[in-house]
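> Below is a structure I'd like to ask you about.
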Amino acid sequence: MAEKTKKDQLIEFMKRQIQIENEIVTSLNNGVADIKNPPVKAVLKGISLDSVKHAELYAAAIRLLTNVSTALNQENLDAQRELVEKHIEMEAELIKKLEKMVPAIENNKVKFLLNTIFMDEKRHHAMLKTILESIVRAETITEDEWWETLWEGSPFHGAPGG
């Protein structure tokens, strides 16, 4: 019974966090309208976008705790894998470029902004690799895997009567 209570507490916490993240988005979006400093405005908009992402991640976590996941079919798996792999490659290219460029930048404010982007790109890259390696894989049972499972469970392995 205690486990359910912990799960319910976690879900309630995440629901509250979604509300807080949405309040942050509203506040920042209203506040940046009058800001004339481009770097400050960009950073605040970035935080707002992160809050939108955080709210969606909390909602996804709630769905993981409350819904039974359905297996993806092979076509969906292939499309998701292709999309994630494409973005892993794009992130890797950008990381390489920023790794070379950032150390040579002399303007500390510009260096700070580009280093922030660099750190975000590295985090995105790691997240995409995790998605490719675990989340998509863990939730996917391909048609071949279904047949393999059925075959292993068959007493006759396809032979009529044994």
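What follows is calculated from the coordinates using simple rules that are stated; it is not laboratory data. Since we're looking at a predicted model, the values are computed, not measured. Don't worry about glycine lacking a Cβ; one is built from the backbone with ideal geometry, like all the others, and counts go over all protein chains shown.
> If I model a spin label as a point 7 Å beyond the Cα along the Cα-Cβ vector, how far apart are those points for N76 and K53 in nm?
2.4
> Kirkwood hydrodynamic radius, region 7-67, all distinct C-alpha pairs: what's the number in Å?
Details: mean 1/r = 0.0805 Å⁻¹.
For region 7-67, the Kirkwood estimate is 12.4 Å.
> Under a plain spin-label model, where a point goes 7 Å from the Cα along Cα-to-Cβ, how far apart in nm are A42 and T5?
Result: 5.0 nm between the two label points.
> Can you bin region 69-139 into rounded, prolate or oblate? Criterion: square roots of the alpha carbon gyration tensor eigenvalues sorted a ≥ b ≥ c, rounded for a/c under 1.5, prolate for a/b above b/c, oblate for the rest. Before the final figure, lay out the partial values.
On the way: a/c = 4.65, a/b = 3.13, b/c = 1.49.
Prolate, because a/c is 1.5 or more and a/b exceeds b/c.
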